[in-house]
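First comes the structure, then the notes that go with it.
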Amino acid sequence: MANALLRSLQALESSSGPTAKWTVPLNDGNHVIEFEHGTATGRRVVKIDDEVLVNRDWMFRLVGDELFTFNGTKFVIRVDPIPGFKYSYTLWVNGKNYKNFIQSQSKILKSWLTKIGENEYRIVLDKQTQSVWINGVQVDVENEFMDGGAEMLFSISDLSAVIRSCTSDKKEIGIDYILYIDDIEINDESISSFDET
């Protein structure tokens, strides 16, 4: 009888979908974190990019922290009670709350989207480490210094690519980073397309 009740509670909870969802920008790309919290059974499921990382079927504590690590990044999902038998869910990434982490990542990472032939590419520059990632894979770059800045040379789908850094002459911006693929400037806010030839 108790097992049948537990199974029916679990079936009800699993059909409702994620309780909370966040998109987290890391230097290897954006990752979607979904958290399922069974408020009757205490069940907790954490998925990153649809892959189950944590799966706890039965917990007696309905509140508290769920800690996990993904690609060297430490995450904490805080489950706190709020009035009316409800719960609040907050995400902490490397010791920062989600909002502050997103703000700091926007200062650290610069990203571009481009399409070459039928393939889409997300290029990410980590400004602190000067590393470049393409679709989540770190690539080798050749660094060259030039008048007023520097260049990071690499290739994407057999096309030459370069990220040029130079001072923006604006104190609030600091150093500006511009991506060129085949000598064409890539806008970081929209997808640029190239035909493979």
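The values are calculated or read from the model by the stated rules, or taken from the named source; none is laboratory data. None of these values were measured; they are calculated from a predicted model. Ideal geometry is used to build each Cβ from the backbone, glycine not excepted, and the neighbour counts take in all protein chains shown. Just the protein is used for accessible areas: all its heavy atoms, side chains included, with ligands, DNA and RNA removed. Shrake-Rupley method; radii C 1.70, N 1.55, O 1.52, S 1.80 Å.
Among the residues of the range 118-142, what is the count of those that are open to solvent by less than 50 Å² (accessible area, probe 1.4 Å) and touching a residue at least 24 places away in the same chain (Cβ under 8 Å)?
Number of matching residues: 9.
Report whether or not Thr73 is polar (S, T, N, Q), crowded, with 17+ Cβ neighbours inside 10 Å and over 17 Å from Cys166 (Cα atoms).
no
Here are the criteria: (1) open to solvent by less than 50 Å² (accessible area, probe 1.4 Å); (2) under 21 Å from Val32 (Cβ atoms); (3) aliphatic (A, V, I, L, M). Tell me which single one Val52 does not satisfy.
(1)
Please work out which one of (1) in the same structural domain as Glu36 (by the TED database); (2) open to solvent by 70 Å² or more (accessible area, probe 1.4 Å); (3) not in a strand (DSSP E or B) is the condition Arg78 fails and give its number.
Answer for Arg78: the failing condition is (3).
Restricting to the range 124-159, what's the tally of residues that are small (Gly, Ala, Ser) and either outside the structural domain of Trp112 (by the TED database) or in a strand (DSSP E or B) (or both)?
4
Within the range 91-117, track down each residue that is part of a strand (DSSP E or B) and surrounded by 15 or more Cβ atoms within 10 Å (Cβ to Cβ).
Selection gives Leu91, Trp92, Val93, Leu109, Lys110, Ser111, Trp112, Leu113, Thr114, Ile116.
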